[in-house]
Structure formats: structure tokens, C-alpha cells
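First the structure, in the form of C-alpha cells, and then the observations on it.
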Amino acid sequence: MAVTSPYASLLEAIPVREGSVHILGSSTRYWDYGTQDAETVIVAVHGFRGEHHGLEPVVAQLRGVRVISPDLPGFGESTPMTEAETSVAGYAEWLTEFVSEIGLAGRAVILGHSFGSIVTSAAVANGLATPRLILINPIAAPALSGPKAFLTWLTVMYYRAGAALPDRMGAALLGNGLVVRFTTLVMLTSKDRALRRWIHDQHRTYFSRYSDRATVLAGFNASVTSDVSMAAPRISVPTLLVAADHDPITSVRALHGLQELFPNATMVMLEGVGHLIHYERPREAADAIVRFLGSGSVAAEGGVR
């Protein structure tokens with residue numbers, strides 16, 4: 001049985017439209033939240049093994065801002081790319097073409113969460129025009145150097161096993177419910193039992209919505225061999241880092257180091273939260289976004305803190 005989102009009532013107050021475009025061989029599905037005449041438009045890119053639902057708690061908090069959230073090719077309802085590799089470079093090219101295809105080149109603010117922070121920063125560094133860049137839970141350094149590097153190493157072994165096994169066994173391992181639950185537990189910081197139950201339900205429902213084993217394995221390889229620091233020095237637009245002091249993937253020291261690599265970056269460090277800012281602290285993330293943009297507002301009644 002699905003668990004009701006603590007942010008459901010806020011999200012229901014926002015108009016949403018669905019669309020699809022063909023980019024690099026991918027039938028890319030996207031969701032368009034808010035009024036179409038909003039002055040500020042954000043294109044939001046989710047993290048690895050996620051899809052657009054993951055960023056909805058942040059979207060739910062925003063008012064007066066339009067957010068367009070696609071599923072990455074090969075994840076959620078988007079089909080894989082056939083004209084580009086499943087890599088950071090391939091996804092960066094896809095994002096650039098997506099923004100152009102929906103008529104927002106040079107206008108849309110670009111936002112990325114987790115792996116999405118790597119994709120969006122690479123795209124902007126490679127020429128995607130945007131007035132501003134927002135990174136939530138940015139991957140500041142190579143994953144194997146993070147505060148829980150041993151767990152990252154175990155994850156690498158897990159994906160290698162998923163690749164080495166025969167198709168049916170490999171697919172079963174990659175989608176194993178116990179592994180998904182353990183991964184969620186590593187990232188959870190909230191003590192709120194209802195919120196924790198909903199987050200587990202979100203990952204159980206959406207974490208394995210990828211098209212095929214090859215896509216998820218290539219995506220994982222991209223996620224652990226790249227990070228935002230590789231692109232940061234080449235990004236001149238104002239950039240907001242919404243970071244967490246208990247992030248198991250990126251240390252506070254690495255985050256401060258990342259901020260210094262950007263020519264023009266501001267960082268908001270949320271305390272007592274880890275890699276799930278978008279689920280556990282979406283109101284604070286939305287507040288940081290609104291302040292950074294100088295546009296829109298935060299909903300009068302927020303979700304769980």
C-alpha cells in the first residue's frame with residue numbers, strides 16, 4: 001500500500017502538465033509545474049536511479065515559480081538515448097538539447113540534485129546558457145573519497161556483481177528490495193517515523209524504474225567517476241549550493257572546497273540532514289532557492305521539517 005506524501009496537499013495546489021520530446025533518440029517525458037506565465041522558470045534534474053517524483057517535495061513548496069522536471073533518459077518514463085552514450089557527457093548534451101527543444105535556452109535556471117548536480121554542472125560548463133545554477137546535495141568530490149567511502153566501495157562491488165551475473169539474476173540483484181532499503185537507511189537522518197516510512201515507500205516505488213540493466217550500470221559508472229569539481233572552475237554564472245552537514249557521500253570539507261572552485265558561488269549548509277534534503281528538508285531548500293533567485297515565494301504552510 002502506498003504511503004501518503006506529507007507534501008501532497010501543497011503539491012495538489014500547483015497546476016501540472018505533462019509533455020514529451022525526442023532528444024538524442026530518447027523519448028523524454030517531462031512534467032511542467034506552476035503557471036506558464038511565471039517570470040522565473042527552473043529546469044530540474046533528478047539524481048541517479050531517481051525520476052521526477054523525487055524533486056516534487058521541493059516543487060511543492062514553491063509559489064510563483066514554474067518548474068520543468070524531466071525524467072533522465074533510461075529512467076522513469078523516459079527511454080534511453082540511442083544517439084549518445086549513457087555518460088555525464090551524453091546526459092549534458094541531452095540536457096542542453098532538452099532546454100533548447102522546450103524553448104527555454106538562455107532563460108531557464110538550471111537545478112540538479114545529487115547525480116543531477118554532476119550532469120547540470122557539466123552541461124553549463126560546456127556551454128548550456130543559463131542565468132543561474134542551483135545544486136542540491138552537490139557531489140563535491142569523487143565518491144570513493146567521501147565520508148563513507150567503504151560503503152561506496154561496497155556499492156561499486158554490488159553494481160559489478162549486477163553486471164557480471166546472467167541477465168535475470170543481475171536484474172534481480174539490482175532491483176532487490178532489501179538492498180534498496182539498506183541504501184535508504186544509510187542516507188536517512190530524520191527521526192520522524194511517518195516521514196521515514198514515506199521515504200522508504202518512495203524508494204521502493206521509484207528507485208528501480210530504469211529501462212534496462214545496461215543503462216543503470218552505465219549511469220552508476222558515470223556517477224562514481226565524475227563530480228562537480230571537474231566543471232566548477234568553468235562556470236561563471238551565479239551558483240547556489242544547497243548542502244548538508246551529514247551527507248554520507250560528500251564531506252563538509254569537500255563542500256567548502258567546491259564552493260571555492262566556483263568563480264561565483266553561494267552555499268547554504270543545512271544542519272542535521274544528509275543526502276536526502278529533497279525529502280527531509282524541502283522547505284528549507286525552497287527558501288534558499290527563493291532567496292537566491294529573488295523571485296517567487298515559499299508556500300505558507302510547509303511540509304515536515
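A few remarks follow.
- Counted residues, the range 171-187 - those being assigned to a loop (DSSP other than H, G, I, E, B) and either among the acidic types (D, E) or surrounded by fewer than 14 Cβ atoms within 10 Å (Cβ to Cβ) (or both): 0
- A count restricted to the range 112-132 and to residues that are touching a residue at least 60 places away in the same chain (Cβ under 8 Å) and part of a helix (DSSP H, G or I) stands at 10.
- In this structure, A194 does not satisfy being at pLDDT 80 or above, buried (at least 21 other Cβ atoms within 10 Å of the Cβ) and within 30 Å of D287 (Cβ to Cβ).
- Residue check for G175: farther than 30 Å from D201 by Cβ, without any contact (Cβ under 8 Å) to a residue 40 or more places away in the chain and not hydroxyl-bearing (S, T, Y): no
- Applying the condition of being of a type outside the set (A, V, I, L, M) and out of contact with any helix residue (DSSP H, G or I) (no Cβ under 7 Å at 6 or more places or on another chain) to the range 168-182 and asking which residue is nearest to E271 (Cα to Cα) yields F182.
- One residue stands out among those in the range 74-106 that are assigned to a loop (DSSP other than H, G, I, E, B) and among the aliphatic types (A, V, I, L, M): the one that is surrounded by the fewest Cβ atoms within 10 Å (Cβ to Cβ), which is A105.
- Consider the range 213-260 and keep the residues that are more than 24 Å from G127 (Cα to Cα) and assigned to a strand (DSSP E or B). The one that is farthest from the chain's Cα centre (by Cα) is A244.
- Where strands (runs of 3 or more DSSP E) fall wholly inside the range 25-73, the ranges with 3 or more residues that are more than 15 Å from the chain's Cα centre (by Cα) are 26-33.
- Cβ-Cβ under 6 Å pairs, at least 6 apart or on other chains, the range 83-111 side among the polar types (S, T, N, Q), far side modelled with pLDDT under 95: T86/T215; T86/A218; T86/G219; S87/A222
- Of all residues in the range 133-154 being in a helix (DSSP H, G or I) and either more than 19 Å from the chain's Cα centre (by Cα) or basic (K, R) (or both), the one that is modelled with the highest pLDDT: L154
- Boolean, G274 is among the small types (G, A, S), on the phi < 0 side of the Ramachandran plot and in contact with a Leu (Cβ under 8 Å, 6 or more places away or on another chain): yes
- When the residues of the range 201-250 are filtered to those that are farther than 28 Å from H53 by Cβ and among the hydroxyl-bearing types (S, T, Y), the one that is surrounded by the fewest Cβ atoms within 10 Å (Cβ to Cβ) is S236.
The values are calculated or read from the model by the stated rules, or taken from the named source; none is laboratory data. In this text, all values refer to a predicted model and were calculated from it rather than measured experimentally. Using ideal geometry, Cβ is built from the backbone for each residue, glycine included, and neighbour counts are taken over all protein chains shown.
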